[in-house]
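Undergrad: Okay, handing you the structure first.
The values are calculated or read from the model by the stated rules, or taken from the named source; none is laboratory data. If you're wondering where the values come from, they're calculated on a predicted model, not measured in any experiment. FYI the Cβ positions are ideal-geometry reconstructions off the backbone, even for glycines, and counts take in every protein chain you see. The accessibility values were calculated without ligands, DNA or RNA, using every heavy atom of the protein model including side chains. Shrake-Rupley method; radii C 1.70, N 1.55, O 1.52, S 1.80 Å.
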Amino acid sequence: MIERLARTICKLRGVPPDDHHSDFDTQWQAVAREAKGLLISMLEPTEHMTRAGAKMGGCDIDQARAIYRAMVDAAIDRNI
């Protein structure tokens, strides 16, 4: 997930993600820390997101929040 976000950041900046970077192998790797920071900022779902997740998952709000948090935690832990 971090790589996906980093590649998107590069594209939004008009930088080819796979081009070489002076300090990293590629441009996307140069912005991976920034991408990870974005994921960390998303650790807590909004109330609207929590209600929607609970409704879709047929669970209570606390369960929906825990599921969401586990998913974002997994995205952060799997990379870098």
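Undergrad: Which residues, taken from the stretch 1-13, are in a helix (DSSP H, G or I), open to solvent by 80 Å² or more (accessible area, probe 1.4 Å) and closer than 22 Å to M71 by Cβ?
TA: Selection gives R4 alone.
Undergrad: Filter the stretch 39-51 down to the residues that are exposed (fewer than 14 other Cβ atoms within 10 Å of the Cβ) and closer than 23 Å to L5 by Cβ and list them by number.
TA: I40, S41, L43, E44, T46, H48
Undergrad: Continuing with the same structure: Report yes if A54 is in contact with a helix residue (DSSP H, G or I) (Cβ under 8 Å, 6 or more places away or on another chain), part of a helix (DSSP H, G or I) and in contact (Cβ under 8 Å) with a residue 24 or more places away in the chain, otherwise no.
TA: no
Undergrad: Kindly check whether there is at least one residue in the stretch 14-26 that is polar (S, T, N, Q), under 24 Å from D77 (Cβ atoms) and part of a helix (DSSP H, G or I).
TA: There is no residue in the stretch 14-26 that is polar (S, T, N, Q), under 24 Å from D77 (Cβ atoms) and part of a helix (DSSP H, G or I).
Undergrad: Could I ask something else about it? Can you tell me which residue in the stretch 57-69 is nearest to I2 (Cα to Cα), limited to those that are in a helix (DSSP H, G or I) and either charged (D, E, K, R) or more than 19 Å from the chain's Cα centre (by Cα) (or both)? Can you show your working first?
TA: The initial filter retains those residues of the stretch 57-69 that are in a helix (DSSP H, G or I), namely 57, 61-69.
Next, only the ones that are either charged (D, E, K, R) or more than 19 Å from the chain's Cα centre (by Cα) (or both) stay: 57, 61-63, 65, 69.
Working: G57: 25, I61: 27, D62: 26, Q63: 25, R65: 21, R69: 16 Å.
Selected residue: R69.
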